[in-house]
Amino acid sequence: MQAHPILYYGVPSGCSFGSIVALEWLGQPYALSRIEMPEIVTGAEFRRINPVGETPALMDAQGQTLAESMAILNHIAARGIDRGLGYLQGSRDFDRLNRMLAFLNTSFFNAFAPLWYVLEHEVSAAEKAALVKYGRAKVEKAHAELEAMIGDGPWLLGAQRTVADAYFIGIARWTKYHDVVDRRDYPKLQRLYDALEADPAVAFAHAIEAQTPAVSSGGFRGEIALAQTLPRLAQAA
Ligand SMILES: N[C@@H](CCC(=O)N[C@@H](CS)C(=O)NCC(=O)O)C(=O)O
C-alpha cells in the first residue's frame, strides 16, 4: 500500500469516530487500522504508536505518529482550510474552533467517564449508584452548556461545518449506552445530531466500526493491520 496517513481507530465506539469522519470530509487519501479496546490498545505493539495506549492515533506518510484527538483534529483541519474544516491559526475563527474542540475534549468527553467506568468495571451497588448519579449530572450539565454556547447553527460554529462537528457526533452518540439525557430536551443539539447522522461520512464511520459494507465519499484507501504498520514507523533520531 502506498504511504498514506493511517488513522488508528478504537472499537467498540471509540472517540476516534470523529477523526474518521473528519478524514472523510478532508477528501485526501488515508487508511484505517482497527484497534480493539481494551486488549490491543494497551498492548506493547500499539504502545509503539501511542505510549499512552489510547486511540485515536495518526501515522503520517513519513511514519511520524501523533496522538490526542485535539492534535489529530487540528492536523486535519489545517489541511482542510479550503474545504472549511478549519481556519488559519491567529484568526478569530481559529480561536472559536479551538475553544469548541477544547470544550468537547474536556467537559463533554469527560462527563461520560463515570458512566463508562460503571459499565466497564465490577463495582458495588453503592459505588454504582454514586457514579451513575455523578455521571448523569455531568452529562446533563455538559449538554445544557453546549446548547447554551451554540448559536442557531446549523453547525456548532454556525454556518460552517468543521472538525468540531465530526468530533461532537462521535461522543454525543454515547448517550445510547447509558440511561442518561433525552437529547430532545436540547433542541439545537438534537437538530445537529440528526443532521450529522444523515451525513455520508458519519454513515461510513458507523459501517467501518460495525464491519458492514462501508461506502467512502472521501479518500479511504483500505484497512491495514497494526503489525503491518509498524515497519513504517519513523526511527527516532
Ligand atoms: N485524551 C485522549 C483520550 C483518548 C481516549 O480516552 N481514548 C479511548 C477511547 S474513546 C481509549 O482508547 N481507551 C483505551 C481503553 O479503552 O483501554 C484524546 O482525546 O484523544
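Structural remarks
- A quarter of the convex hull surface defined by the alpha-carbon atoms of region 1-45 gives 3.6 nm² as the mean projection.
- Bridging of residue 141 to lysines at a Cα separation below 18 Å is possible for 133, 176, 188, once same-chain residues fewer than 8 apart are set aside.
- Length-normalised contact order for region 92-197 - Cα pairs under 8 Å, 6+ apart - percent: 30
- Sorting 198-205, 217-224 by their mean Cβ neighbour count within 10 Å, with the most densely packed peptide first, gives 198-205, 217-224.
- Antiparallel DSSP beta bridges within the chain, as percent of all bridges there, nearest 5: 45
- Counting every pair of alpha carbons in region 92-197, the share spaced more than 18 Å apart comes to 47 percent.
- Alpha-carbon centroid distance for the pair region 139-186 / region 1-61, whole angstrom: 23
- Mean residue ellipticity (222 nm) of the chain, computed from DSSP H runs ≥ 4 via -39,500 (n - 2.57), nearest 500: -13500 deg cm²/dmol
- Cβ-to-Cβ counts within 10 Å put 65, 106, 212 in ascending order as 212, 106, 65, the fewest first.
- Order of 229, 42 - criterion: other Cβ atoms within 10 Å of each residue's Cβ, fewest first: 42, 229
- Compactness check for the chain: Cα Rg over 2.2 N^0.38 Å is 1.01.
Read the figures in this text as sums done on the coordinates, not as results from a lab. Here the structure is a predicted model, which is why all the values come from computation and not from measurement. FYI the Cβ positions are ideal-geometry reconstructions off the backbone, even for glycines, and counts take in every protein chain you see.
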